[in-house]
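Q: Here it is, the structure in full.
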Amino acid sequence: MSNTLFFTLHGTWLSLESNNDTFLAYIQEQLSAWLSPKVESPDIEIQLHWGRELIPAHVTLGSYRRLGRRLLMGDDEIIQPEFVNLPGLQLHTTLARTGLSIEAAFRVPSGIRSRLLPMFMSKPNQERIYATLVYYLIYFPLLWHIERTRQWYPLHASAVSWPQGAVILTGLGGVGKSTLTLAFLSDFSAHLLSENLILHDENLVYAFPEPIHLDNRSRKLLNHLNGRLKPTGQAYSHSRQSYEVPQSVRVQSAKPRIFCMLRQGQELGLRLVPPQKALEIILSSDMLAREVNEYAQQAAALNLLLPKTGRLQQRIEVLHKLLKKVNCYELTIRPGESLERATALVQGRLGW
């Protein structure tokens, strides 16, 4: 192993060591805001062995218990020799003194398994493999550790904040959630928390600052927001380009004022929704979101190492308590709707 990077999110530290310099350079570029100086005792330590197999395809049970085709368990360790959505990835997770120790390996599969990549990753390429690895090696371990130690829970949502409070937008991919959230930044008193995932407890929402990638349609609608949204010059698949929001335009946490469940429909409108119904809609949308669904599966595997009674119920109760403190709306936007009209409608309900 040759190089190590250190990352931090809300006071949780992670180290990643790998023999793949190209992958490390990709992460440095994508997660520059997460980079941290070296720490002696990170909460999560990860080693990625690129180009080799860590776990034999037909691992012998030995002292392990087989919990399923793709999961073996020891007293303080979980072995995942294969992932359906990324063939070639293997993880060996062990409970460490401060948190987690994860030994990972990735090798582009050959033979029959190589044909799985096009099935689950259209136009498989290095960028897509790297992006998926970021989730399994950085995002998911950090989310799990924060959830376990702080009882902050992930939500597939965007969030933008004003001094008076934050607007949270939930909804499935493709309905315009990120575009509308970034459009709020045309107001110079607005600040961005996140445009894809947030964390929350029963009082506040917290930033999860992923890279921002916009397609042609979103770029035309947003028009760089008077310099508050800046292109990095990097291009990605599906004609997307990378953008960044300066740190001066970001905040790390905020008290939510309203939740908006975004839909597309025949006309622009806001409809008040009771907190209990909003809870059901948001949780259902979360289950349909790929990022949260894959995290939930990985968190479930890690939870087998540290089972805790009532963990799932607590997540529901915390979200319900948060929703009862705010107004919840179904926000319907007509395709092609003016972003100025949509943002003005939401801000009008905020009362400033």
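The values are calculated or read from the model by the stated rules, or taken from the named source; none is laboratory data. What you see is a predicted model, and the numbers here were worked out from it, not measured in a lab. With ideal geometry, Cβ positions are generated from the backbone for all residues, glycine too; neighbour counts draw on all protein chains shown.
Q: If you go through the range 236-250 one residue at a time, do you hit one that is aromatic (Phe, Trp, Tyr) and crowded, with 19+ Cβ neighbours inside 10 Å? Let's see the steps before the verdict.
A: So the first thing to find is which residues in the range 236-250 are aromatic (Phe, Trp, Tyr), and the list is 236, 243.
From the residues that got through so far, the ones that are crowded, with 19+ Cβ neighbours inside 10 Å too are 243.
Yes, there is a match, as at least one residue in the range 236-250 is aromatic (Phe, Trp, Tyr) and crowded, with 19+ Cβ neighbours inside 10 Å.
Q: List the strands (runs of 3 or more DSSP E) that sit entirely inside the range 181-222 and contain at least 3 residues that are closer than 20 Å to Leu35 by Cβ, modelled with pLDDT of 90 or more and not assigned by TED's automatic domain parsing to the domain that holds Lys255. Show your work before the answer.
A: Numbers: elements: 191-194, 197-200, 205-207, 212-214.
Because the criterion is at least 3 residues that are closer than 20 Å to Leu35 by Cβ, modelled with pLDDT of 90 or more and not assigned by TED's automatic domain parsing to the domain that holds Lys255, no strands (runs of 3 or more DSSP E) in the range 181-222 meet it.
Q: For the range 237-333, give me every one of the strands (runs of 3 or more DSSP E) that falls completely inside it and has 2 or more residues that are free of Cβ contacts under 8 Å to residues at least 12 places away in the same chain and touching a Ser or Thr at 6+ places or on another chain (Cβ under 8 Å).
A: Working: elements: 240-244, 256-264, 269-272, 327-333.
Filter on the range 237-333 gives an empty set.
Q: For the subset of the range 1-15 comprising residues that are modelled with pLDDT of 95 or more and hydrophobic (A, V, I, L, M, F, W, C), which member is nearest to the chain's Cα centre (by Cα)?
A: Residue satisfying both the conditions and the ranking: Leu9.
Q: Within the group Leu172, Leu197, which residue is surrounded by fewer than 21 Cβ atoms within 10 Å (Cβ to Cβ), touching a residue at least 40 places away in the same chain (Cβ under 8 Å) and within 20 Å of Ala289 (Cα to Cα)? Talk me through it step by step, then tell me what you get.
A: Values: Leu197 fails: surrounded by fewer than 21 Cβ atoms within 10 Å (Cβ to Cβ).
Exactly one of Leu172, Leu197 is surrounded by fewer than 21 Cβ atoms within 10 Å (Cβ to Cβ), touching a residue at least 40 places away in the same chain (Cβ under 8 Å) and within 20 Å of Ala289 (Cα to Cα), namely Leu172.
Q: Okay, moving on. Quick one: which residue in Glu317, Glu294 is surrounded by 16 or more Cβ atoms within 10 Å (Cβ to Cβ), over 19 Å from Val167 (Cα atoms), under 23 Å from the mean Cα position of the chain (by Cα) and not assigned by TED's automatic domain parsing to the domain that holds Glu82? Before the answer, list the steps.
A: Numbers: Glu317 fails: surrounded by 16 or more Cβ atoms within 10 Å (Cβ to Cβ).
Among Glu317, Glu294, only Glu294 is surrounded by 16 or more Cβ atoms within 10 Å (Cβ to Cβ), over 19 Å from Val167 (Cα atoms), under 23 Å from the mean Cα position of the chain (by Cα) and not assigned by TED's automatic domain parsing to the domain that holds Glu82.
Q: Which of the residues spanning the range 23-41 are assigned to a helix (DSSP H, G or I), in contact (Cβ under 8 Å) with a residue 24 or more places away in the chain and out of contact with any Pro (no Cβ under 8 Å at 6 or more places or on another chain)?
A: Pass one, the range 23-41, residues assigned to a helix (DSSP H, G or I): 23-30, 32-34.
Next cut, in contact (Cβ under 8 Å) with a residue 24 or more places away in the chain only: 23, 26-27, 29-30, 33-34.
Within the range 23-41, Phe23, Tyr26, Ile27, Glu29 qualify.
Q: Additional query: Give me the residue from the range 223-236 that is in a strand (DSSP E or B) and either polar (S, T, N, Q) or farther than 29 Å from Thr12 by Cβ (or both) and, out of that set, modelled with the lowest pLDDT.
A: It comes out as Ala235.
Q: Inspect the range 144-151 for any residue being surrounded by fewer than 20 Cβ atoms within 10 Å (Cβ to Cβ) and over 25 Å from Phe7 (Cα atoms) and give the result as yes or no.
A: Of the residues in the range 144-151, the ones surrounded by fewer than 20 Cβ atoms within 10 Å (Cβ to Cβ) are 148-151.
Narrowing the set further to residues that are over 25 Å from Phe7 (Cα atoms) leaves none.
Within the range 144-151, not a single residue is surrounded by fewer than 20 Cβ atoms within 10 Å (Cβ to Cβ) and over 25 Å from Phe7 (Cα atoms).
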